[in-house]
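Notes to accompany the following structure.
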Amino acid sequence: MLIILTLVGGLLILVYGADRFIHGALGTAKYLGISPLLCGILIVGLATSLPEALVSASAAIQGSPLLGVANALGSNIANIGLVLGVTLLASTKPLACPPMGRDLALMLVSKLVVCFFLIDLNLGLEDGVFLLISLVVVLLFMIYQGQADADDGFVSGKEGYPKPTIFFPFVNLCVGLIALIGGSKLLVLGAIDLARLWEISEAVIGLTIVAVGTSLPELAASLASVIKGKSDMAIGNIIGSNIFNSLGVLAMPALLAPNFLMPPEILFRDVMSMVLISVILIVILLTRSTNGFLTRSNGFVLTFIFVGYQFLLFTGI
């Protein structure tokens, strides 16, 4: 009964947190004069990736930097295959897909940077510094371009639009983020207890429940964005999370526990799977074959790839 209450409580808090967080994100976008897409990339994407950053930093400090690397790679795969895939499958109508060639190019470059630094199966201190500097440069570039491309209706102080305030959006952002992290934590703890009760192995728990658990804030935020009619924010969330995980989260183990060796499957299985699903996502977003909309069939493809990756993990291939 306690496990069930933990699961239900975590889910309710997660739903509430997603609603508050998206309200705050939209208000912040209006105040800053940026588009919902850029808001999804910068604010929603980065904030919902905090659990991954905390897990990777904590793992590195405790002498398990490999767990931090696996968390960054696995979260990228889960964000595309699980979060976006399930969001598309759950949506009652096709999602409008805004033009985002520049942002997709940045996401692809961040993945190629990951490949470059992991090709020798070792992360040094200088690698972590470069990754962190690269993240700062990318974020500054996005902010600069986003201000230039902002939608007129979202620009603060435009005629016909009341000048927004930042206080209530900021409060909603903070409350929502705390609820997202807390709710996902409760949900993961309840799921782990339930798995142990059913005598599921620790390895399976780590590869499935914990990995998916750190992506729950992204899933909740994306679903809430779609419900509120802001599909561009949901897609921006995925792009932003992937960039942050590739450059920021991966930098944590390199900075806090540098010069550690990784097994070959990290490169040949996990990195390659991450690049594959990223390229497929980019192709889907650039082609947008159904009149500029993403459909459930696109969600099925992404979810199928995620399930296939889980099969590789379970079978030890």
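Can you give me the long-range amide H partners of F260? Hydrogens built in the peptide plane at 1.01 Å from N, cutoff under 5 Å, separation of 5 or more residues or another chain.
When sequence neighbours closer than 5 places are left aside, the close amide H contacts are L123.
Out of the total accessible area of the stretch 1-145 (probe 1.4 Å, heavy atoms of protein only), what percent is carbon and sulfur?
78 percent
What does the extension gain come out to for L125 and K228, with contour length at 0.36 nm per residue minus their alpha carbon separation?
Here the segment from L125 to K228 would lengthen by 32.8 nm.
What accessible area per residue, rounded to a whole number of Å², is obtained for the stretch 1-95 using a probe radius of 1.4 Å?
Working: 3510 Å² over 95 residues.
For the stretch 1-95, the per-residue accessible area is 37 Å².
What are the ³J(HN,Hα) values, in whole Hz, obtained from phi via the Karplus relation 6.51 cos²θ - 1.76 cosθ + 1.60 with θ = phi - 60°, for each residue of the stretch 224-240 in sequence order, with x given for Gly and Pro?
My calculation for the stretch 224-240 gives 5, 5, 5, 4, 8, x, 10, 5, 5, 5, 4, 5, x, 4, 5, 5, x Hz in order.
What are the ³J(HN,Hα) couplings of the stretch 303-314, residue after residue, when phi is run through the Karplus curve with 6.51, -1.76, 1.60 and θ = phi - 60°? Round to Hz, x for glycine and proline.
5, 4, 5, 4, 5, x, 5, 4, 5, 4, 5, 5
Which whole-Hz ³J(HN,Hα) couplings does the stretch 104-119 yield from phi under the Karplus relation 6.51 cos²θ - 1.76 cosθ + 1.60, θ = phi - 60°, glycine and proline marked x?
The phi angles translate into 5, 4, 5, 5, 5, 4, 4, 5, 5, 4, 4, 4, 4, 7, 9, 5 Hz.
The values are calculated or read from the model by the stated rules, or taken from the named source; none is laboratory data. Computed from a predicted structure; not experimentally measured. SASA here: full protein model, heavy atoms, side chains in, ligands and nucleic acids out. Shrake-Rupley method; radii C 1.70, N 1.55, O 1.52, S 1.80 Å.
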